[in-house]
Amino acid sequence: MTHRLSEPDPARFGETFLPDQQPPRVHPKVLQDEFVAAAEWAARYLNELPANPVGRPMPARQRARLREGRLGREPGDLGRVLDFVRDQIAPYPTGNGHPAFFAWINSPPAPAGVVAELLASAVNATCGMGENALMDLERGTVRMLAGLAGLPDRTGGVLTSGGSMANLLALATARTWYLTRRGSADGPAYDRDHARLTVYYSAQAHMSVAKAASCIGLPAHRLRPVTTDAHDRLDPAALHAAVAADLDAGLLPFCTVSTLGTTATGAVDPLEPVTRLCRSVGMWHHADGAWGGLGAAVPALAPRYQGVGDLDSMTVDPHKTLSVPVGCGALLVPDPEHLHTAFAHQASYLAAAEPDALPWLSHSTIELTRPGTRALALWATLQHLGRDGVTDLIEHYLRLAEELRDRITAEPRLELLAGGPWPVACFRVTDTRSSDPDALQTRVARRVQENGRAYLATVAVRGSTALRACLCNYRTTTADLDLLLREVLHAADADH
Ligand SMILES: *Cc1c(COP(=O)(O)O)cnc(C)c1O
């Protein structure tokens, strides 16, 4: 007889379900055993991760099986979940748990965050409506992030699925704020004004900014990517000129997005001149700090964050800089009533119990039913690190990136193109024999990925293809830097 884990032998456990109890009921003893087995497996998986390959090719047949989407009629065993993850999911991750993974900005999960996600999903609070402990904790974690980011005490906001969602909420908030001030948030004036809105961001801004602008209804010809300087920072003079030209043409500049830590090269846009311009023409100033929003907490970076407290809103991505398990982003807004103006909608089935209750978090975002996992995973990670730990962690990344850039500069077969102040190095394999240096970098990255000992990606830097190595894994050491460069040179050798 096969042992059905969801319904253990009553003779052994002396307990049966009530006749009208429905699946997905689970016998208490089975639940306990499965949790213990899952927790033991997860801890072993995380502990043993560095000894495994960064990634491995996934057999085509298995990929097809996962995509098939066939659901059997018969109930399955609870124990199948762990078997399935162990055999079919865990061997094929993105690779971002591994210390030799240097691609994109994907962190490994902080252990405290992994534990918290399990616990929070058991509590399963919905952080959109009513009152519950996790919703207050979310308000508290938003304040913790605001404190680390150097924003004012009064700052509010919401956690989001990530930076893209936070940027979308920011642009929607800026738009409502702008049109409300002009008296054209509704009515015939709306049609006249909305069609003339323009938004500004550096040419190095993340694509999610343009995507957000498109989602709130701005066509491509109302988007203004602005020239950057030699260090990939937004050029305030170019911004000034673009805004002036649009005003002259009768358009309505409503928002500028600065980037704190550009995705490609880690640049930090100058905040103060942009805020001054925004104030003088009545624009909202949002900063996309998905990667670099917490720079004010790091003494070596803080001077570049002068004026951060005067921003109208900021995106931060705790799932990048802080290793909170994905997806955990946040939108921070020093005057949170602007968020409520954009997102508070009433409905008869959602009457608040008390008139003086705090605004629900659903009044600050698009989501109504919202997970408490973000708040608890963020809280757990932050309390495990402490304020000093956050600074130390970012400083660790900065030190490693500096080491990496030094090693690249010292290696005659490599050329450093860009990188910093956020911890990244963009570089190239130099090979005078190569007729297509861009294609060479792409081949090198692909070979490194295929060999499975390290992982990095490519990026376009000032018109050339570069190898890009990003530091955002707390387990990465200088030995991993050596490994990466060995792998890159080895992959370049394979060209001959
Ligand atoms: C990663 C990133 C985003 C997007 O964040 P997601 O969490 O991936 O949605 C936005 N802006 C910048 C600067 C980023 O680096």
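The values are calculated or read from the model by the stated rules, or taken from the named source; none is laboratory data. Since this is a predicted model, take the numbers as computed values, not measurements. Cβ placement follows ideal geometry from the backbone for every residue including glycine, while neighbour counts extend to all protein chains displayed. For the accessible areas, the whole protein counts, side chains as well, though only heavy atoms, and no ligand, DNA or RNA atoms are used. Shrake-Rupley method; radii C 1.70, N 1.55, O 1.52, S 1.80 Å.
Numbers for the structure displayed
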item: Residue, farthest from residue 462 (Cα to Cα), within segment 286-309, restricted to residues that are assigned to a loop (DSSP other than H, G, I, E, B) and aliphatic (A, V, I, L, M); result: 298
item: Tabulated pairs, segment 391-416, first hydroxyl-bearing (Ser, Thr, Tyr) and at pLDDT 95 or above, second assigned to a helix (DSSP H, G or I) and crowded, with 18+ Cβ neighbours inside 10 Å, C-beta under 6 angstrom, 6+ apart or interchain; result: 391/297
item: Subset of segment 296-327 that is acidic (Asp, Glu) and more than 16 Å from the ligand (Cβ to nearest atom) - its residue that is most open to solvent (accessible area, probe 1.4 Å); result: 310
item: Candidate set from segment 231-271 (those that are open to solvent by less than 20 Å² (accessible area, probe 1.4 Å) and on the phi > 0 side of the Ramachandran plot); member that is farthest from the ligand (Cβ to nearest atom); result: 232
item: Residue identified as surrounded by fewer than 23 Cβ atoms within 10 Å (Cβ to Cβ) and touching a Gly at 6+ places or on another chain (Cβ under 8 Å) among 367, 415; result: 367
item: Yes/no for residue 342 being open to solvent by less than 30 Å² (accessible area, probe 1.4 Å), outside any loop (DSSP other than H, G, I, E, B) and over 30 Å from residue 423 (Cβ atoms); result: yes
item: Of residues in segment 174-216 being β-branched (Val, Ile, Thr) and open to solvent by less than 50 Å² (accessible area, probe 1.4 Å), the one nearest to residue 422 (Cα to Cα); result: 209
item: Check on residue 465, among the polar types (S, T, N, Q) and not in a loop (DSSP other than H, G, I, E, B); result: yes
item: Hits in segment 54-76 (condition: farther than 30 Å from residue 447 by Cβ and open to solvent by less than 50 Å² (accessible area, probe 1.4 Å)); result: 76
item: Residue list for segment 217-230, restricted to those being open to solvent by 20 Å² or more (accessible area, probe 1.4 Å) and within 16 Å of the ligand (Cβ to nearest atom); result: 223, 225, 228
item: Filtered residue count, segment 138-162, keeping only those that are polar (S, T, N, Q), part of a loop (DSSP other than H, G, I, E, B) and within 16 Å of the ligand (Cβ to nearest atom); result: 1
item: One residue from 129, 165, 135 being outside any helix (DSSP H, G or I) and more than 27 Å from residue 306 (Cβ to Cβ); result: 129
item: Flag if residue 476 is closer than 14 Å to residue 102 by Cβ and not in a helix (DSSP H, G or I); result: yes
item: Criterion (within 24 Å of residue 297 (Cα to Cα), out of contact with any strand residue (DSSP E or B) (no Cβ under 8 Å at 6 or more places or on another chain) and open to solvent by less than 60 Å² (accessible area, probe 1.4 Å)) met by exactly one of 471, 382, 481; result: 382
item: Scan of segment 390-412 for residues that are open to solvent by less than 50 Å² (accessible area, probe 1.4 Å) and not in a helix (DSSP H, G or I), ordered by number; result: 411
item: Any chance residue 293 is within 16 Å of the ligand (Cβ to nearest atom) and either farther than 14 Å from residue 228 by Cα or modelled with pLDDT under 95 (or both); result: yes
item: Residues of segment 244-273 classified as in contact with a strand residue (DSSP E or B) (Cβ under 7 Å, 6 or more places away or on another chain) and farther than 22 Å from residue 300 by Cβ, total; result: 9
item: Test: residue 330 is away from the ligand (no atom under 15 Å from the Cβ) and either assigned by TED's automatic domain parsing to the domain that holds residue 163 or in a loop (DSSP other than H, G, I, E, B) (or both); result: no
item: Candidate set: segment 194-216, residues that are under 24 Å from residue 293 (Cα atoms) and without any contact (Cβ under 8 Å) to a residue 24 or more places away in the chain; chosen: the one farthest from the ligand (Cβ to nearest atom); result: 214
item: Options 448, 488, 424: the member that is open to solvent by less than 60 Å² (accessible area, probe 1.4 Å) and in contact with a Cys (Cβ under 9 Å, 6 or more places away or on another chain); result: 424
